[in-house]
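I have placed the structure first, in the form of C-alpha cells, so that the comments after it can refer back to it.
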Amino acid sequence: MLVATTLSLLAGIATATEPAQVATQLLDHLQAGRVQDTAAMLTPAMAAAAPADRLQVLWNSLGELQQRGQPTVSEQQGMHLVEVPLRFAAAAVNAQVAVDAQDRVAGLLLRPAAAEKAAPPPADANYRELDFSVPQARGALPGTLALPNGKGPFPAVVLVHGSGPQDRDETIGANRPFLDIARGLAARGIAVLRYDKRSKARPQDFQQPFDVDDETTDDAVAALTALAADPRIDGQRVFVLGHSQGGMLAPRIATRWPQARGAILWSAPARSLLDLLPEQNRYLLNLDGSISAVEQAFLDTLDTQIAAARSATPAAASALPLGVPQHFWKSIEAVDARADAKALRKPLLMLHGGRDFQVSDTDWTLWQEALQGRSDVHWKRYPSLNHIGIAGSGPGSLKEYTQPGQVDPQLIDDAARWIEAQR
C-alpha cells in the first residue's frame with residue numbers, strides 16, 4: 001500500500017544513546033504544543049523533511065490524547081527506534097521515534113495501531129486455514145493458506161501486498177483487507193495464500209542495497225511456485241492478485257512466473273509511485289479547503305526529495321521520500337506497469353474504488369487507454385469504495401483506515417466469478 005508522507009516522516013540514519021528518554025520528551029513537547037522545543041530536538045535532515053510546526057499540525061489532527069503506553073526500544077539498520085502506543089480521540093496509533101547518538105530526533109513515524117487479533121473462521125465455515133511457509137533462498141516467509149473443504153484440486157490465488165512492511169492480512173488500522181479477500185474467496189471454493197511481506201517478517205534481509213524485485217517480485221514468484229506444487233491445488237489455475245503496488249507489479253510477476261493463469265490488479269497505480277506521492281499529499285493537506293504556508297513548504301520539500309530520488313547524482317536515503325534508499329526508487333521508476341500489462345497475453349481483472357485518493361481515477365483512465373480493445377480484460381469500478389475496498393461516503397481520508405470495516409462483498413464476488421470463468 002502506498003504510504004502518504006504526511007504519516008511517514010522518517011529521516012536520517014544513526015544510533016541513539018538514551019532513546020526512550022528522548023522520545024518521551026518529544027511526545028511531551030508535542031502534547032503541550034511547544035513547537036520551538038520540538039524544533040530544537042530535530043536533526044537538520046528531520047527539520048527539513050518534517051518541520052516542527054508541521055509535526056504539531058499532524059499531532060493536533062488526531063484529537064485529544066487519551067492514553068500513552070510504555071515505550072519499547074529496538075535497533076534497526078543502525079538506528080534505535082522507540083515505539084510508544086498512543087490512543088487519541090480520533091485514532092489509536094503507534095509512534096516510532098528514531099534518535100541519533102547526539103540524542104536528537106532523526107525521525108518520527110505515526111502508524112495506525114494494529115487491530116486486535118482476528119477471530120478464527122466460523123465453526124461452520126466451508127474452508128479451513130492452515131500454516132503455509134513460502135520457501136526462499138534468503139529465508140522462508142510465514143503464511144496462511146485458506147483452503148476450501150472438499151477433495152480438490154482447487155483453483156488458487158496468491159495475494160501480493162502494497163508498499164511498505166505488510167503482514168499477511170495487509171493490516172491497516174482496524175482493517176484487514178487480505179483476510180477479508182482470502183476468506184471470501186475460500187468460501188467460494190478458491191484457495192488463497194497470503195504471507196507476511198519480507199520487509200515485515202525479515203527486515204534484516206535489507207541491509208544491502210535492494211530493489212523492488214528483492215522487496216516484492218521474487219517472493220511473489222516463490223509463493224506462486226510453492227502453491228502450484230501443492231497437490232491440493234490445481235496448478236493450471238493459479239492466479240496472482242496484487243493490491244496497490246502489488247497490483248502495479250502483478251503483470252511483472254505473472255511474466256516472471258509464466259504458469260500464471262491470469263492476474264487481478266486491484267487499486268493498481270498506472271504511474272510511478274513518485275508521481276503519486278505529491279498528488280496524495282496535496283489531496284490530504286487540502287481536505288480542509290486550503291494549504292497553509294507551512295504545508296506548502298512541506299510539499300516543496302517533497303518535490304525536492306523526489307527530484308533527488310530521480311537524479312543521477314547519488315543521494316542519502318535521508319534526503320529522499322520516506323527515507324527510502326535511492327537504489328530502490330530507481331528500481332521502482334524502471335517499472336512500466338502499463339507496458340508490462342500490454343505485453344502479458346493473459347486474462348486480467350481490473351478493480352478500482354471511486355473514492356480511492358491513493359490511486360485515483362487518473363490511473364484508472366490510463367489503464368483503460370493502455371488496454372483498450374483487449375477482450376480478455378474485464379473492468380470493475382466501485383464508486384463508493386476506498387483504496388482498501390471498504391465502502392464509505394464523501395471524500396476519502398486516512399481517518400477511514402482507523403475505523404473498522406470489511407472489503408465490499410460485491411468486489412469479492414466479482415473476483416470469484418471471474419476466477420471461476422477462467423478455465
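The values are calculated or read from the model by the stated rules, or taken from the named source; none is laboratory data. Keep in mind the model is a prediction, meaning the values are calculated, not measured. Here Cβ is always computed from backbone atoms with ideal geometry, including for glycine, and neighbour counts include all displayed protein chains. For accessibility, only protein heavy atoms count, side chains too; no ligands or nucleic acids. Shrake-Rupley method; radii C 1.70, N 1.55, O 1.52, S 1.80 Å.
Remarks
- Taken over the range 253-267, the criterion of being more than 10 Å from Val160 (Cβ to Cβ), touching a Ser or Thr at 6+ places or on another chain (Cβ under 7 Å) and surrounded by 24 or more Cβ atoms within 10 Å (Cβ to Cβ) is satisfied by Ser267 alone.
- Scan the range 124-161 for residues that are modelled with pLDDT under 95 and touching a strand residue (DSSP E or B) at 6+ places or on another chain (Cβ under 8 Å) and the total you get is 1.
- Residue list for the range 337-375, filter: buried (at least 21 other Cβ atoms within 10 Å of the Cβ), assigned to a helix (DSSP H, G or I) and not hydrophobic (A, V, I, L, M, F, W, C): Asp363
- Residue in the range 192-204 that is farther than 27 Å from Ser272 by Cβ and either modelled with pLDDT of 95 or more or basic (Lys, Arg) (or both) present: yes
- The set of residues from the range 192-209 being assigned to a loop (DSSP other than H, G, I, E, B) and surrounded by fewer than 18 Cβ atoms within 10 Å (Cβ to Cβ) comprises Arg202, Gln207, Gln208, Pro209.
- Residues that are open to solvent by less than 50 Å² (accessible area, probe 1.4 Å) and in a loop (DSSP other than H, G, I, E, B), drawn from the range 395-423: Gly396, Ser397, Gly405, Val407, Asp408, Gln422
- Meets criteria (in contact (Cβ under 8 Å) with a residue 60 or more places away in the chain and either out of contact with any Phe, Trp or Tyr (no Cβ under 7 Å at 6 or more places or on another chain) or open to solvent by less than 60 Å² (accessible area, probe 1.4 Å) (or both)) for Ala48: yes
- Across the range 323-336, a minimum of one residue is classified as open to solvent by less than 40 Å² (accessible area, probe 1.4 Å), touching a residue at least 60 places away in the same chain (Cβ under 8 Å) and farther than 24 Å from Met46 by Cβ.
- Considering (1) on the phi > 0 side of the Ramachandran plot; (2) buried (at least 18 other Cβ atoms within 10 Å of the Cβ), the lone condition that Gly189 does not fulfil carries the number (2).
- Checking the stated criteria, Arg232 turns out to be of a type outside the set (Asp, Glu), closer than 26 Å to Val158 by Cβ, in contact with a Leu (Cβ under 7 Å, 6 or more places away or on another chain) and surrounded by fewer than 18 Cβ atoms within 10 Å (Cβ to Cβ).
- Any helices (runs of 4 or more DSSP H) falling wholly within the range 210-302 and containing at least 1 residues that are more than 23 Å from the chain's Cα centre (by Cα), under 24 Å from Lys197 (Cα atoms) and polar (S, T, N, Q): 218-228
- Candidate set from the range 393-423 (those that are under 20 Å from the mean Cα position of the chain (by Cα) and without any contact (Cβ under 8 Å) to a residue 40 or more places away in the chain); member that is nearest to Gly354 (Cα to Cα): Asp408
- Residue that is most open to solvent (accessible area, probe 1.4 Å), among those in the range 293-322 that are free of Cβ contacts under 8 Å to residues at least 60 places away in the same chain and closer than 21 Å to Glu215 by Cβ: Pro314
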